[in-house]
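Below is one structure, written out as structure tokens, with a few remarks after it.
The values are calculated or read from the model by the stated rules, or taken from the named source; none is laboratory data. Since this is a predicted model, take the numbers as computed values, not measurements. Cβ sites come from the backbone with ideal geometry, for glycine too, and all protein chains shown count toward neighbours.
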């Protein structure tokens, strides 16, 4: 007989699912502010050093929040693979921001993640997708192509890099839910942060990971740079603990729309800090992608309601 606590973790109640959604929404707000902090300081330290700072400060923050408990990994292989893949996602975004990609524009590319999560949930979580969701997902990817059209704001090689990183990020989101069945939120967040340190050290010798104007990063940035990096690392540790807990409580289909909230944060933070205003092609394409993702959510709710209705039907008595 399965353990009751395990059943609770794999089949959360409605109240737990709502709490999970609130945790995820808060996590996206926190991580968006963290991204703004590191984008602001990247010209001073470069991508590789940002990785190291994120790992050291973020892991320390997780240890403090978890009081040193629950850090031992259970599903070690998947946890290690997810953490290493996520360092690639971080690297892609830091390089893109170093090369001048606006915050909101990078988030617009990332808005394709919920569509990819819908597709990846089929083989990884055994979820079913009907023809309507396939069609809306196809429309959503047309929105991605609209954003990446020639002559647009995102017609640059960095966008292809970000799109590939978005696919990897969608996979790690799915794996977060899988890991939540065996590992604690503290372990999931801690080992992700830790993985950034050796990867950042390995990237340090490469000139592409240095400062935008060339040259290795300084051993210690300015006072404001240090403060920004501390805020960046702490916010990442907090956000990924929120994600790990939230993804374990709420269904992927319900969480997916919250992937779009960083775009709103990116527009506000980009305008306030750097005076960035997204191009109409970026916003138009993002609107198509978001509409497709929200329709997928609607179809998922309809399907769940139909399944509950079928399950609630009385079983006919056997003929005597």
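Just to be sure before I move on: is residue 255 loosely packed, with under 15 Cβ neighbours inside 10 Å, within 20 Å of residue 32 (Cβ to Cβ) and in contact (Cβ under 8 Å) with a residue 60 or more places away in the chain in the structure I sent?
Working: loosely packed, with under 15 Cβ neighbours inside 10 Å: no; within 20 Å of residue 32 (Cβ to Cβ): yes; in contact (Cβ under 8 Å) with a residue 60 or more places away in the chain: yes.
Spelling it out, it is not the case that residue 255 is loosely packed, with under 15 Cβ neighbours inside 10 Å, within 20 Å of residue 32 (Cβ to Cβ) and in contact (Cβ under 8 Å) with a residue 60 or more places away in the chain.
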Original post:
Is there any pair with a first residue in the stretch 178-194 that is over 11 Å from residue 71 (Cβ atoms) and a second that is at pLDDT 95 or above and assigned to a loop (DSSP other than H, G, I, E, B) whose Cβ atoms are under 8 Å apart and which are 6 or more apart or on different chains, and what are they?
Top reply: 178/75; 179/75; 182/74; 182/75
**OP:** Could you check how many residues of the stretch 65-80 are in contact (Cβ under 8 Å) with a residue 12 or more places away in the chain and either crowded, with 21+ Cβ neighbours inside 10 Å or in a helix (DSSP H, G or I) (or both)?
**Re:** 5
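Filter the stretch 226-237 for residues that are surrounded by fewer than 19 Cβ atoms within 10 Å (Cβ to Cβ) and touching a helix residue (DSSP H, G or I) at 6+ places or on another chain (Cβ under 8 Å); which is nearest to residue 137 (Cα to Cα)? Spell out the reasoning first.
Just the residues of the stretch 226-237 that are surrounded by fewer than 19 Cβ atoms within 10 Å (Cβ to Cβ), to begin with: 226-227, 230-231.
Next, from what is left, pick out any that are touching a helix residue (DSSP H, G or I) at 6+ places or on another chain (Cβ under 8 Å): 230-231.
Values: 230: 39, 231: 36 Å.
Here the answer is 231.
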**OP:** Restrict the check to the stretch 141-161 and report whether at least one residue is under 16 Å from residue 87 (Cα atoms), at pLDDT 90 or above and surrounded by fewer than 21 Cβ atoms within 10 Å (Cβ to Cβ).
**Re:** yes
Subject >> Residue selected from the stretch 11-42 under the condition assigned to a helix (DSSP H, G or I) and either loosely packed, with under 11 Cβ neighbours inside 10 Å or in contact with a strand residue (DSSP E or B) (Cβ under 7 Å, 6 or more places away or on another chain) (or both), by the criterion modelled with the lowest pLDDT >> reply: 14
Original post:
Residues 96, 59, 105, 92: which one is within 19 Å of residue 179 (Cα to Cα), in a helix (DSSP H, G or I), modelled with pLDDT of 85 or more and touching a helix residue (DSSP H, G or I) at 6+ places or on another chain (Cβ under 8 Å)?
Top reply: 59
Subject >> Filtered residue count, the stretch 149-183, keeping only those that are within 22 Å of residue 100 (Cα to Cα) and in a loop (DSSP other than H, G, I, E, B) >> reply: 8
Original post:
Taking residue 126, is it in contact with a helix residue (DSSP H, G or I) (Cβ under 8 Å, 6 or more places away or on another chain) and either within 26 Å of residue 295 (Cα to Cα) or touching a residue at least 60 places away in the same chain (Cβ under 8 Å) (or both)?
Top reply: no
**OP:** Would you please name the residue that is surrounded by the fewest Cβ atoms within 10 Å (Cβ to Cβ), looking only at residues in the stretch 112-136 that are within 29 Å of residue 276 (Cβ to Cβ) and at pLDDT below 85?
**Re:** 117
